[in-house]
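Notes follow once the structure below has been shown.
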2 protein chains.
Amino acid sequence: MTFASHAFPTVQEAAVFRVGLDDCDKAHLSSLGFVLRRYPAHAVIARQGDEQDRIFVMHSGWGCICTELSDGERQILDFPLKGEIVASRPFEGEAAESFISQTELTAFEAPATALLAALARSPKLAAVLLGAIARQRAILVQHLTNLGRRSALIRTAHLLLELGTRLEMANAAKRLGFECPLTQYDLADTLGLTAIHVNRMLRELRERGYLEFRHGAVHYLNKQGLECFAGFDPGYLRLPG
Amino acid sequence: MTFASHAFPTVQEAAVFRVGLDDCDKAHLSSLGFVLRRYPAHAVIARQGDEQDRIFVMHSGWGCICTELSDGERQILDFPLKGEIVASRPFEGEAAESFISQTELTAFEAPATALLAALARSPKLAAVLLGAIARQRAILVQHLTNLGRRSALIRTAHLLLELGTRLEMANAAKRLGFECPLTQYDLADTLGLTAIHVNRMLRELRERGYLEFRHGAVHYLNKQGLECFAGFDPGYLRLPG
């Protein structure tokens, strides 16, 4: 269960673009100028407040997008995963969020203007990119609903089920679980909890026979029961196309 | 301070499109087929789970977009305001959210396919629409950060400052305050609090000399102090163009 074994060589192979683009669309995609870059763990790839001038397609590793508050706290908004796009405010103006690597990370990058160029050139590519942006919005909506209206236990379960499902869609997870390098601090900053509270929630999910999270991997013990318990409906994760 | 006095007659006059579109772009906008519709208060305009086939530009009144949970609870994600676009998942698939009128509401509606058509026809219009979608994402990000990492008092202040700023940008608020038909239940469902807690937070904001919310209107008592207290930086609300 390593990411390397599932690496894709070109941006065209990213999950977001595996939607039946024809040769002409693929040529347009190539012309956008995506370049593969590697970042070490804990690197600031794009900083909140800076002019946002790039879009990214995740190639390997884990990153997070987060808001940084003036008191030094951060709220993690999402973890962009393999094959997914990062384009938080790609059209103009300051980035509302920081994009930070959690592990060593590789990503395809292109100038943000490429997105508008793509829209003008290829309606199919436009639909795919906009669909990907809409899917990320749906993910944010679920994370917001987690924080506002789901219990600490259910929101923990919901997030882990979501991450696993997204990795499965990118062929980067097994049905029985997935590698997850996130710490309890990362989960805490995502779930609006303390790390101690997250620890307690993970223990309870194990004691209830739903999942085990140890040694950097999530193992489902009863995935169907967990999905039912968390009210997890993966419809919002459907890839466009 | 009524909305009617600031009504705009055509969709071209919406704040989102007041960005220097030329005659050609305006002709494209006209050709998208926006039609003005009126809804009574508390009408379900689009329901979570239904095929999302329309985009909206708010014309007057207040609505909310929300997720509805299986236990009957709801999480309000945002209140689309005059001149703003509602296009939660406009490209394909089920709507992740419901769109509900809070008051009597009028909105311009067009088929969602119009959005893709616009993108293909007019790069300027494409940039404006995508910029509007990115702005709404930035608003969601702030609401998520409110829930996860801001205290109940600060998140209440932050939301009210944001709504006032957005209304000002649409010429639908005065500098000293704005009409706000939201109940404490609406605020509770937005802020992840109980209505009683919201009531207490509003009282504290008044007692601290920041704002007063009564008779359906927010009156700033010390707006600058409130912005400072809430760490409110309106940069994320900048309209595209």
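Observations
- Using alpha-carbon coordinates, inclination of helix A:195-207 to the longest axis of chain A, degrees: 70 degrees
- Radius of gyration over Kirkwood radius for the stretch A:12-69, both on Cα atoms: the Rg/Rh ratio is 1.03.
- Charged-residue dipole, Cβ positions (Lys, Arg, Asp, Glu), the protein assembly as shown about Cα centre, Debye nearest 20: 340 debye
- Rg and Dmax of the stretch B:4-145, Cα atoms only, in Å: 14.8, 50
- In this Cβ point-charge picture (+1 for Lys and Arg, -1 for Asp and Glu), the stretch A:132-241 has a dipole of about 160 debye about its Cα centre.
- Projecting the Cα positions of A:V16, A:G63, A:I154 onto the charge dipole of chain A (unit charges on Cβ atoms of Lys, Arg, Asp and Glu, taken about the Cα centre) puts A:I154 furthest along the positive direction.
- For the stretch B:47-110, the convex hull spanned by the alpha carbon atoms encloses 72 Å³ per residue.
- Across identical copies of the chain, A:P9 has label-point separations of 6.2 nm, listed in ascending order, with the point defined 7 angstrom from Cα along Cα→Cβ.
- Across the identical copies, the 7 Å label point of B:V35, projected outward along Cα→Cβ, sits 5.0 nm from its counterparts, in ascending order.
- Ascending count of other beta-carbon atoms within 10 Å, so fewest first, for B:L163, A:L29: B:L163, A:L29
- Mean-square fluctuations from a GNM of chain A, with a 10 angstrom spring cutoff on Cα atoms, peak among A:L140, A:L115, A:L226 at A:L140.
- Reducing the stretch A:174-241 and the stretch A:118-173 to their Cα centroids gives an inter-centroid distance of 15 Å.
- Rg over Rh, two decimals, the protein assembly as shown (C-alpha only, Kirkwood Rh): 0.95
- The average projected area of the stretch B:151-237, computed from the convex hull of its Cα atoms over all directions, is 5.2 nm².
- Ellipsoid semi-axes in whole angstrom, largest first, where each is sqrt(5λ) of the Cα gyration tensor of chain B: 30, 20, 16
- Of B:P111, B:P80, B:P123, the one that fluctuates the most in a GNM where chain B has Cα springs shorter than 10 Å: B:P123
- Between identical copies, the spacing of A:T106 label points, each set 7 Å from Cα toward the C-beta atom, reads 5.7 nm from nearest to farthest.
Since every read-out is calculated from the coordinates, none of them should be taken as a lab result. As the structure is a computational prediction, the values presented were derived from the model and not from experiment. All Cβ positions, glycine included, derive from the backbone under ideal geometry; neighbour counts span all protein chains shown.
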